[in-house]
């Protein structure tokens, strides 16, 4: 088909007769044009402004045009490529697109299939960066009031960086010089399309660690990489990374690039370090300086305590000087003691004499006078009452004995034993029931006859024996 196209071009240079012009179908001509365009423009870079951009299609593909003045070319960015675009496309944005040119037979037009697209020039990136910074700041992600303080001496330090670069070696070396700590490195890519997703996942992963688990949870996180262009540092300007830093419950130190480089995570982090080495210095104090400070504080504390004791001793001495001497304080009590001791013997003798006199007077009063007469009358009355009480007891005892004798005789008279003594007997039948009438006894009944001197057992005789029940089986006795 390519030879046919070449012959068609030659025919235009020297117009043949109309009968010799080859004939193409529409699909054949479209296919020939498609092969020619794709062969000569297999990979190109185009600078232009985005035109007609309306966002991604429902399928995830993006369709727009790149234009310059009044010239434009249609552009197609398929979903797998559009999802990797780092910068958000907008109408009028100047970009550089890399891809291949092809034709679209359905519209008889040519277009570029984009494989990579990025803002054109530093100015466009800075404008995009500023717009994103304002947006995130409006959401409160950079609020200073939300910054978390760094721990004074962390036990575990998490580092999110490339495991093969010079950054991790600088951090480890600086930590070893200042105050060696346990370092937990989460390796990530610090440049390229996958970098932002890996960094954000690393920050979230360190926060998800259990403090008592096999892998210790860090007390502070350092996100670090070396210097580079704005394009190299762009993953740290992505929203996914900024939001991961903002959401971290662990304090984050950002150390991306050199001192003059600024990324959006610098605004979201709790502290910003100009270099990775400076981040290590922020994370831990200097052990030698800490020892010196502890020693200085110990010395000052001991000195203060000695001064305090000295001042207390001086105040005690001053107060002791103002107090009177011990001998003077005891002079008066000693004198009073000696005087009381000297008077004690005479006072005791006098007291004993007085008590003896009172006792003698009381004894003399008991032997004479009204008190003695009263005592004699009371004694005589008590004796008289004793005699009267004895007589009353005798009379009472005699009355009780007489009543007891009468009751005893009455009991003997009414007792059935006395009746039995007179010749009577008591007859009881089966079950010890008292027999009062002849009709209550049947022939063959066992009777108990009680006399005054004992009892006999008898069998009742007569012509009307008690009915007996015979067994249906032969040889069985009666039930009664």
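Laboratory data are not the source of any read-out in this text; all were calculated from the coordinates shown. This structure is a prediction, so every number in the text was calculated from the model and none was measured. Don't worry about glycine lacking a Cβ; one is built from the backbone with ideal geometry, like all the others, and counts go over all protein chains shown.
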Checklist outcome for this item: Using alpha carbon centers only, region 78-144 is separated from region 240-281 by a whole-angstrom value of 26
Item to check | Degrees between helix 2-13 axis and first principal axis of the chain (Cα, 0 to 90, nearest 10) | outcome: 40
Next on the checklist: What's the ranking of 447-455, 338-346 by average number of surrounding C-beta atoms within 10 Å, highest first?
Outcome noted: 447-455, 338-346
Checklist entry - Pulled fully out, how much extra length does the chain show between residue 29 and residue 419, if you take 0.36 nm times their separation in residues and subtract their Cα-Cα distance? => result 124.1 nm
Item to check | Relative contact order, percent, the chain [alpha-carbon distance under 8 Å, six or more residues apart] | outcome: 8
Checklist entry - Averaged over all directions, how much area does the convex hull of the C-alpha atoms of region 52-112 cover when projected, in nm²? => result 4.6
Checklist entry - Angle, helix 287-322 long axis vs. longest principal axis of the chain, Cα atoms, 0 to 90°, nearest 10? => result 40
Item to check | Whole-angstrom gap from region 305-351 to region 402-421, using each part's C-alpha centre | outcome: 99
Next on the checklist: Eigenvalues of the Cα gyration tensor times 5, then square-rooted: what semi-axes does that give for region 314-353, in whole angstrom, largest first?
Outcome noted: 40, 7, 4
Checklist outcome for this item: For region 129-285, using Cα atoms only, the Rg and Dmax in Å read 14.3, 43
Item to check | For peptides 42-48, 157-163, 314-320, sequence by mean Cβ density within 10 Å, most packed first | outcome: 157-163, 42-48, 314-320
Next on the checklist: Can you compute the label reach from residue 57? Point 7 Å from Cα along the Cβ direction, backbone N cut-off under 18 Å, restricted to region 97-138.
Outcome noted: 100-116
Item to check | Neighbour-count ranking [beta-carbon atoms within 10 angstrom, fewest first] of 190, 241 | outcome: 190, 241
Next on the checklist: Considering just Cα atoms, how many Å³ per residue does the convex hull of region 133-207 enclose?
Outcome noted: 131
Item to check | the chain - mean residue ellipticity at 222 nm from DSSP helices (-39,500 (n - 2.57) per run, n ≥ 4, rounded to 500) | outcome: -16000 deg cm²/dmol
Next on the checklist: I'd like the orientation of helix 121-138 relative to the chain: the angle between its Cα long axis and the longest Cα principal axis, in ° from 0 to 90, rounded to 10.
Outcome noted: 20
Checklist outcome for this item: One computes Rg over Rh for the chain from alpha-carbon atoms, with the Kirkwood Rh, and obtains 1.71
Checklist entry - With each label point set 7 Å from Cα along the Cα-Cβ vector, what nm distance links residue 412 and residue 189? => result 13.9
